[in-house]
Amino acid sequence: MTSFDNLVEEVRQCQACAAHLRHGTRPVFQASPAARILIAGQAPGSKVHASGVPFADRSGDRLRAWTGLSTDSFYDAQKVAILPMGFCYPGRAAAGDAPPRGECAPLWRSRLLAEMPDIRLTLLVGSYAQTAALGPGKVEDRVRRYGDFLPNYFPLPHPSWRSQVWIERNPWFVADVLPALGSAVAQVLAKVEANG
């Protein structure tokens, strides 16, 4: 096994938050040293926790539609890495899922990212990922100003069912942001194809 394989196995066996996770530990992520696109989200929901497959829920359906990625490309770790801010399902809170556990990202994300030098575009999905990468700020402002963060980052709202209401209030997202997102993703993957 390579050092990367050993690291992945170490992450999958993580018990750092076990005492705080009612539903148990099950780190859900996707990674490869060859990945060119990184999806940085919040944390797995209950359906993803049950399946062990990142974004295997309606949020994932919406995110794939936004990016223009086929299911095959989305789940091709050689193309797309998926590293949420918390790798395990944090359980429920009063208004939806609880925030990602604070122990996870410092333990694992930087170590995994150090092994993925070819990331060219990071999709910052929701407030937790955006705050970690960009510091404090409002999701709507960042999404509206997506061009300020290119070519490295592309801020997005969380693709949960709640985003539909937000999208209806902000028609510029579909008109302006989604075409630019699709183009940015396609350009990165076109370079991958061109370079073999």
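Observations on the structure shown:
- A simple spin-label model places pseudo-atoms 7 Å from Cα toward Cβ; at ALA77 and GLU140 they are separated by 3.9 nm.
- For a label point 7 Å along the Cα-to-beta-carbon line of THR131, residues of segment 12-41 with backbone N under 15 Å: 41
- Karplus-derived 3J(HN,Hα) values for segment 145-156, using 6.51 cos²θ - 1.76 cosθ + 1.60 with θ = phi - 60°, are 9, 3, x, 5, 9, 6, x, 7, 10, 9, x, 9 Hz; glycine and proline are entered as x.
- Under a 5 Å amide H cut-off, with hydrogens placed 1.01 Å from N, ALA81 pairs with ARG36, ILE37, LEU38, ILE39 among residues at least 5 apart or on other chains.
- Considering all C-alpha pairs of segment 1-113, those separated by over 19 Å amount to 43%.
- Alpha-carbon Debye profile of segment 51-155, log10 I(q)/I(0) at 0.12, 0.13, 0.16, 0.23 Å⁻¹: -0.45, -0.53, -0.84, -1.72
- Between the C-alpha center of segment 152-183 and that of segment 50-99 there is a gap of 16 Å.
- Among MET116, MET85, MET1, the order by Cβ neighbours within 10 angstrom, fewest to most, reads MET1, MET116, MET85.
- Proxy reagent accessibility, fewest Cβ within 10 Å first, across CYS104, CYS17, CYS88: CYS17, CYS104, CYS88
- Directionally averaged projected area (convex hull, Cα atoms, the chain), nm²: 11.0
- Normalised Debye scattering of segment 1-51 at q = 0.15 Å⁻¹ gives log10 I(q)/I(0) of -0.52, counting only Cα atoms as equal scatterers and leaving out solvent.
- Sequence-distant residues sharing a close amide H with ARG92 (under 5 Å, placed H): ALA98
- Cα-only Debye scattering, segment 28-74: base-10 log of I(q)/I(0) at q = 0.13, 0.28, 0.30 Å⁻¹: -0.29, -1.25, -1.33
- Measuring nothing but how far apart in sequence close Cα pairs (under 8 Å, 6+ apart) lie, relative to its length, segment 110-196 scores a relative contact order of 28 percent.
- Its Cα centre serving as origin, segment 132-196 has a Cβ charge dipole (Lys and Arg +1, Asp and Glu -1) of approximately 140 debye.
- Karplus 3J(HN,Hα) series, Hz, for segment 99-105 with 6.51 cos²θ - 1.76 cosθ + 1.60 (x for Gly, Pro): x, x, 5, x, 6, 5, 4
- For a straight C-alpha distance cut-off of 12 angstrom, the aspartates and glutamates reachable from LYS191 (same-chain residues fewer than eight places away being disregarded) are ASP118.
Each value in this text was obtained by applying a stated rule to the coordinates, not by laboratory testing. Computed from a predicted model, the values in this text were never measured in an experiment. Neighbour counts are summed over all protein chains in view; Cβ atoms, including those assigned to glycine, are modelled from backbone coordinates with ideal geometry.
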